[in-house]
Amino acid sequence: MIETFKELLEEADRILITTHKSPDGDAVGSAVACYEFLKSLNKSPFILIPDMPASNLMPFLHEVEYECFADFDQDLSIFDLTFCLDYNHEYRVGEEMSQIFTDLNTPKIMIDHHPQPSDFCELTISRPEVCSTAQLFFEVLEEARLDSNLNLKACEAIYLGIMTDTGSFRFPSVTAKTHNVLQKLILNGVVPFEIHEKIFDQNTSDQLKLRGYAVSEKMEFIKDAPIGLISLSMEELSRFNYQKGDTEGLVNVILSVKGISVAIFMMENEEGKVKMSFRAKGKYLVNDFAKKYFNGGGHKYAAGGYSELSLEDTKAKLLKHYSEIL
Ligand code: 5GP
Ligand code: MN
């Protein structure tokens, strides 16, 4: 596998890097790390993202060449290799961008940590036990003995991916290997607190008020089940001048309540759908439930999905079926 990885890299010059819709810290981190790595090999990489990430992730994209799919007008035939990072199915790039998989004529390398990858890439490097795609990317380069090509920006991007996908190094997916990789990143010059501040200390007053409102007015608990939920309508969100990313982490606040093992967050989005986030711990798993009822999936303890019903009907559907999680 590592030999194939090296061969595909050697043969390629113009390389397209893609990641999933609503890119999170791991998606942006992996893509930027990959971009910087390829630059250091004197390749010509380009990052194509389905849509913009939250504003606190934007500084990480400042010095790379990237575009959102809506603005992308390059001829796909110029590329000779494609990276698919932090996603396991073509449809995770969103309906519009998924057309590239029909048009692209390059080999594809998937590097990802979501379970059950679909078989659409020539090389699939899938390790669901690894906490983040960013860590997995580092591991792959180590195994290929190419990790000396990671510059400071690449190391910072990997740190970002690991930090955000592990809830700041606390989820069950964190292992000694995670800390071993973090040590190497820090020895390469990463200053941890700077990245934490860049991501977590960027709240606006509106964002904090929205969180306060959601927790004090909208958090509910299902009687006799360790399940908590918050639902927010478009109207409620707009009261706090909602911007993409403003509700990030709210689902984990529910999970932090004593005695709660399953957290569900749902909100109306710009597309007129209800976006859902599921988190769990211990013996409770949420990815199959998200897949069965809410067109989604993800990891066993962190999954997402959506519903085309109204917010009220989505909640009713959830309340009808929640016992299947227990
Ligand atoms: P989040 O709740 O942060 O949006 O997503 C949590 C996890 O669930 C992520 O790892 C993501 O990969 C997965 N996920 C989120 N939304 C979807 C979706 O619509 N479909 C699938 N298959 N996975 C999703
Ligand atoms: Mn990830």
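The figures follow:
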{"item": "Above-threshold pairs, the threshold being 30 Å between Cα atoms, out of LYS43/LYS273; LYS177/LYS300; LYS43/LYS184; LYS244/LYS317; LYS6/LYS275", "result": "LYS43/LYS273; LYS6/LYS275"}
{"item": "Dipole moment magnitude, nearest 20 debye, the stretch 18-94 about Cα centre, only Lys, Arg, Asp, Glu C-beta charged", "result": "180"}
{"item": "Loop GluC sites (Glu not before Pro), the stretch 87-124, which have at most 14 other Cβ atoms in a 10 Å radius of their Cβ (DSSP)", "result": "GLU95, GLU96, GLU122"}
{"item": "Low-density loop cleavage sites - trypsin sites (Lys or Arg not before Pro) in the stretch 274-326, where at most 13 other Cβ are within 10 Å (DSSP)", "result": "LYS283"}
{"item": "Antiparallel DSSP beta bridges within the chain, percent to nearest 5", "result": "40"}
{"item": "Calculated SAXS-style log₁₀ I(q)/I(0) at q = 0.16, 0.21, 0.22 Å⁻¹ - the stretch 1-109, Debye, Cα scatterers", "result": "-0.67, -1.19, -1.31"}
{"item": "Span from the the stretch 236-302 Cα centroid across to the the stretch 1-73 one, whole angstrom", "result": "27"}
{"item": "Among GLY212, ALA303, SER233 the positive-end extreme of the charge dipole of the stretch 205-325 (Cβ point charges)", "result": "ALA303"}
{"item": "Inter-site label distance for MET58 and ALA176 at 7 Å from Cα along Cβ, in nm", "result": "4.3"}
{"item": "Size-normalised alpha-carbon gyration radius of the chain, reference 2.2 N^0.38 Å", "result": "0.99"}
{"item": "Sequence-distant residues sharing a close amide H with LEU309 (under 5 Å, placed H)", "result": "VAL274"}
{"item": "Computed magnitude of the charge dipole of the stretch 2-200 (debye, nearest 20; Cβ of K, R +1, Cβ of D, E -1)", "result": "740"}
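No lab work stands behind these numbers, since they all come straight from the coordinates. As the structure is a prediction and not an experimental result, all values here were calculated from the model. Because the Cβ atoms are built from the backbone with ideal geometry, glycine has one as well, and the counts that use them run over all protein chains shown.
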